[in-house]
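Student: Here it is, the structure in full.
The values are calculated or read from the model by the stated rules, or taken from the named source; none is laboratory data. What you see is a predicted model, and the numbers here were worked out from it, not measured in a lab. Note: ideal-geometry Cβ built from the backbone for every residue, glycine included; neighbour counts use all protein chains shown. Remember, those area values only see protein heavy atoms, side chains included, never the ligands or the DNA or RNA. Shrake-Rupley method; radii C 1.70, N 1.55, O 1.52, S 1.80 Å.
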Amino acid sequence: MRIGEVAIISHTLTEPETFIRSICGKIEVQNPTTCFGRFDVDDQLGLHLYGVRIDPESKSFFWDIASRKMLGYIFIFNWDDRTMLESIKPLVDHFAQQFEMPIVVVANIADRSVPPIPEKFFQPNGIALAANARFTFGQISAPADAKKVLVLLINMLLERLD
Amino acid sequence: MKKVVLIDNDTSYVLPLKSEFEKADYEVIYFDDSQKAREALQHLVPDIILCEVELPQINGHALFKEVRSLAATKSVPFIFLSGQKRVDDRIKSMELGVDDYIVKPCSIEEIMARVRALLREISETNEHQSQPEKGFSGNLTEMNLVDLIQTLELGKKSAVLKLKHNTSTGLVFLKHGEVIDATLDNLPPDQALLRMFTWTVGTFVVEMSAIERERTIKQSNKELITVGLRRINEWEQIKENLPSLNTVVVKTELNNYQGLSEDEKRLLATVDQKSMIYEMIQKSHTDDIKALELIKSLLKKGYLKETDENYLSYTDNYLAQLKEHASKSRSSSDRVAAIMANFFDRSDQQQPGGNEQPRVERRQLPDRRRYLRRRFDRIRETGNIHLTKAELLMIRERLM
């Protein structure tokens with residue numbers, strides 16, 4: 001079976017878990033720092049999604065995952081939570097410089113209407129943060145939005161292959 | 001810019017459509033939830049509404065009836081989108097009075113063409129009808145809000161006033177000649193009314209109709225008119241010697257803010273490099289007249305200066321708008337906005353797909369990056385990004 005792997009990274013495991021659940025429907029494996037879900041296209045092709053909690057202080061599974069050959073990395077922070085963004089920002093910078101694989105930074109909005117984010121900011125192609133990183137808004141608990149994020153990542157890969 | 005409301009929970013179908021509308025210079029307000037759409041349409045007056053028939057919670061037919069029952073939106077063109085190909089379903093929808101019915105899947109080009117045709121038809125009809133069926137229309141320069149209220153009060157009329165000024169549209173509701181409610185952006189009714197009093201440029205439409213809504217404005221017309229006249233007077237006085245409110249102004253290099261008041265500093269902080277004057281007024285945390293005074297003062301002191309920039313190209317700049325949104329979002333902390341601004345600053349300096357620093361020849365890349373580049377090339381050459389292009393396309397298709 002052909003498998004692509006994507007890491008979903010956040011300050012807590014809640015966001016990756018929500019994201020993976022939105023894509024895969026369920027979490028296959030979970031421990032305190034990681035979770036795992038599988039998205040099968042058919043019996044020959046699928047995606048493995050690794051949810052990881054940022055734990056830069058210790059030699060954690062986060063770095064094991066990060067250093068593997070991933071298709072790309074999705075960083076999630078809650079739009080209203082400055083702590084999450086502060087913890088993610090240096091990692092995004094680091095990844096953008098050190099890794100060539102695509103990075104999508106998602107500002108998760110629990111409710112699109114509070115605070116009101118105009119629809120025009122929900123751009124399907126995201127905004128370029130760096131050569132290999134894009135920013136987008138999304139409501140990760142909504143499968144349509146979560147899929148949109150993953151499609152953005154795949155589009156970035158396809159752009160490279162074109 | 002025409003405002004389109006799109007209501008459909010099938011994002012895979014609607015998002016490309018939304019994107020095409022945006023490319024064609026429409027402002028698109030998208031809802032994947034009919035309940036939220038219903039709430040928003042209480043205050044929103046779009047130019048056209050496209051709505052899926054089969055929606056959870058409130059279906060398209062119910063939403064259409066509701067839109068038609070509201071004085072402000074009863075004449076907004078409405079198109080149903082539906083996967084239902086049955087003729088009887090289509091007939092039922094058309095009998096409700098919907099303007100068009102599009103069966104999905106349908107090409108985006110066809111939908112755009114139908115929308116354009118419908119808007120053109122309506123525009124031509126409006127041109128031929130110098131006045132609405134029950135009401136009248138005109139120019140705010142000739143008749144401002146105070147004049148309109150006085151006129152309607154005399155006849156004790158119930159009506160909705162639609163006022164357009166720049167890109168803003170406000171509504172004022174009168175019941176038996178008394179002002180009972182007003183809406184404009186997200187402002188409270190009394191503030192919405194105060195802002196609209198100062199609109200002396202723009203257009204208005206008065207639609208006579210029965211008004212059934214809660215009274216939110218408690219002052220009598222007399223009190224409102226007194227306030228309104230005073231504000232118009234003050235506004236016009238301050239506006240003298242000021243450029244047009246559509247003028248784009250930029251921050252100058254003056255960075256010593258010691259001579260500025262706290263209000264001036266705060267207003268200046270809302271300008272992220274550049275802004276239109278009227279946007280600054282909208283973003284300010286003070287009263288409109290006070291904001292205009294502050295802008296005048298900042299221009300005079302040299303902290304702001306006019307530019308020749310076309311404001312349309314300016315407003316089309318996505319990043320600039322997002323920065324503004326981040327900086328004025330009351331719910332997000334300032335810190336988050338500041339950090340986001342850093343992200344965007346970086347993207348401002350490069351085109352999407354470009355590099356942060358000038359591109360260097362591959363042999364000059366630092367070791368780590370050269371290694372990564374080699375690895376990426378290898379992946380690319382062997383088609384082993386772990387997945388091939390065809391496989392990626394298959395996954396994407398499955399996700400969409």
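Student: In this structure, does B:Asn233 turn out to be free of Cβ contacts under 8 Å to residues at least 60 places away in the same chain, open to solvent by 70 Å² or more (accessible area, probe 1.4 Å) and part of a helix (DSSP H, G or I)?
Tutor: yes
Student: Right, here's the next one. Under the condition of being open to solvent by 10 Å² or more (accessible area, probe 1.4 Å) and not in a loop (DSSP other than H, G, I, E, B), which residue from segment A:94-118 is modelled with the highest pLDDT?
Tutor: So, considering only residues that are open to solvent by 10 Å² or more (accessible area, probe 1.4 Å) and not in a loop (DSSP other than H, G, I, E, B), the one modelled with the highest pLDDT is A:Asn108.
Student: Still on this model: Just checking, does segment B:76-85 include any residue being under 16 Å from B:Arg114 (Cα atoms), of a type in the set (Phe, Trp, Tyr), open to solvent by 10 Å² or more (accessible area, probe 1.4 Å) and at pLDDT 85 or above?
Tutor: As a first pass, look at segment B:76-85 and keep what is under 16 Å from B:Arg114 (Cα atoms): B:76-82.
This time we only want the ones that are of a type in the set (Phe, Trp, Tyr), so: B:78, B:80.
Still in the running and open to solvent by 10 Å² or more (accessible area, probe 1.4 Å): none.
Among the residues of segment B:76-85, not one is under 16 Å from B:Arg114 (Cα atoms), of a type in the set (Phe, Trp, Tyr), open to solvent by 10 Å² or more (accessible area, probe 1.4 Å) and at pLDDT 85 or above, which makes the answer no.
Student: Of the conditions (1) assigned to a loop (DSSP other than H, G, I, E, B); (2) out of contact with any helix residue (DSSP H, G or I) (no Cβ under 6 Å at 6 or more places or on another chain), B:Glu223 satisfies every one except a single condition; which number is it?
Tutor: (1)
Table: residues versus (1) modelled with pLDDT of 80 or more; (2) surrounded by fewer than 21 Cβ atoms within 10 Å (Cβ to Cβ); (3) among the acidic types (Asp, Glu).
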{"site": "A:Glu5", "(1), (2), (3)": "yes, yes, yes"}
{"site": "A:Ile8", "(1), (2), (3)": "yes, no, no"}
{"site": "A:Phe19", "(1), (2), (3)": "yes, no, no"}
{"site": "A:Glu28", "(1), (2), (3)": "yes, yes, yes"}
{"site": "A:Asp40", "(1), (2), (3)": "yes, yes, yes"}
{"site": "A:Leu47", "(1), (2), (3)": "yes, no, no"}
{"site": "A:Pro56", "(1), (2), (3)": "no, yes, no"}
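Student: Can you spot a residue in segment B:197-219 that is open to solvent by 20 Å² or more (accessible area, probe 1.4 Å) and part of a helix (DSSP H, G or I)?
Tutor: No, every residue in segment B:197-219 fails to be open to solvent by 20 Å² or more (accessible area, probe 1.4 Å) and part of a helix (DSSP H, G or I).
Student: Here is a follow-up. Residue check, B:Thr73 against (1) of a type in the set (Val, Ile, Thr); (2) in contact with a Leu (Cβ under 7 Å, 6 or more places away or on another chain); (3) in a strand (DSSP E or B), all met but one. Which one?
Tutor: Result: B:Thr73 passes all but (3).
Student: Do any strands (runs of 3 or more DSSP E) lying entirely in segment B:1-54 carry at least 2 residues that are within 12 Å of another protein chain (Cβ to nearest Cβ), and which ones are they?
Tutor: Once the strands (runs of 3 or more DSSP E) in segment B:1-54 are filtered for at least 2 residues that are within 12 Å of another protein chain (Cβ to nearest Cβ), what remains is B:3-7, B:27-31.
Student: Any residue in segment A:72-99 that's under 16 Å from A:Pro16 (Cα atoms): show its pairings with residues that are open to solvent by less than 50 Å² (accessible area, probe 1.4 Å) and of a type in the set (D, E, K, R) at Cβ separation under 7 Å, as long as the two are six or more apart or on different chains.
Tutor: Matching pairs, first to second residue: A:Ile76/A:Glu15.
Student: Please specify each residue of segment B:164-191 satisfying the condition of being within 21 Å of B:Glu234 (Cβ to Cβ) and buried (at least 23 other Cβ atoms within 10 Å of the Cβ).
Tutor: Scanning segment B:164-191 gives B:Gly170, B:Val172, B:Val179, B:Ala182, B:Leu184.
Student: While we're looking at this one, here's another question. Residues to consider are B:Asp272, B:Asp263; find the one that is farther than 22 Å from B:Leu193 by Cβ, at pLDDT 85 or above, buried (at least 16 other Cβ atoms within 10 Å of the Cβ) and not hydrophobic (A, V, I, L, M, F, W, C).
Tutor: Going through B:Asp272, B:Asp263 in turn, just one is farther than 22 Å from B:Leu193 by Cβ, at pLDDT 85 or above, buried (at least 16 other Cβ atoms within 10 Å of the Cβ) and not hydrophobic (A, V, I, L, M, F, W, C): B:Asp263.
Student: Within segment A:141-154, which residues are more than 7 Å from chain B (Cβ to nearest Cβ) and either of a type outside the set (D, E, K, R) or outside any helix (DSSP H, G or I) (or both)?
Tutor: Once the filter is applied, which keeps residues that are more than 7 Å from chain B (Cβ to nearest Cβ) and either of a type outside the set (D, E, K, R) or outside any helix (DSSP H, G or I) (or both), segment A:141-154 yields A:Ser141, A:Ala142, A:Pro143, A:Ala146, A:Val149, A:Leu152, A:Leu153.
Student: Filter segment B:276-287 down to the residues that are over 14 Å from B:Arg266 (Cα atoms) and assigned to a helix (DSSP H, G or I) and list them by number.
Tutor: Selection gives B:Ile277, B:Tyr278, B:Glu279.
Student: Could you grab me the full set of residues in segment A:1-30 that are more than 11 Å from A:Ile76 (Cα to Cα), in contact with a Phe, Trp or Tyr (Cβ under 8 Å, 6 or more places away or on another chain) and outside any strand (DSSP E or B)?
Tutor: If the condition is that a residue be more than 11 Å from A:Ile76 (Cα to Cα), in contact with a Phe, Trp or Tyr (Cβ under 8 Å, 6 or more places away or on another chain) and outside any strand (DSSP E or B), then A:Ile20, A:Ile23, A:Cys24, A:Ile27, A:Glu28 are the ones that fit.
Student: I'm trying to understand the selection: among the residues of segment B:240-264, which are under 27 Å from the mean Cα position of the chain (by Cα) and closer than 25 Å to B:Leu187 by Cα?
Tutor: The answer is B:Ser244, B:Leu245, B:Asn246, B:Thr247, B:Val248, B:Val249, B:Asp263, B:Glu264.
This table checks each residue for (1) surrounded by 15 or more Cβ atoms within 10 Å (Cβ to Cβ); (2) closer than 21 Å to B:Thr183 by Cβ; (3) of a type in the set (D, E, K, R).
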position: B:Lys23; (1), (2), (3): no, no, yes
position: B:Glu52; (1), (2), (3): yes, no, yes
position: B:Gln57; (1), (2), (3): no, no, no
position: B:Gly60; (1), (2), (3): yes, no, no
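Student: With (1) open to solvent by less than 70 Å² (accessible area, probe 1.4 Å); (2) closer than 14 Å to B:Trp199 by Cα as the list, and B:Val249 as the residue in question, which single condition is left unmet?
Tutor: Checking B:Val249 against (1) open to solvent by less than 70 Å² (accessible area, probe 1.4 Å); (2) closer than 14 Å to B:Trp199 by Cα, the one that fails is (2).
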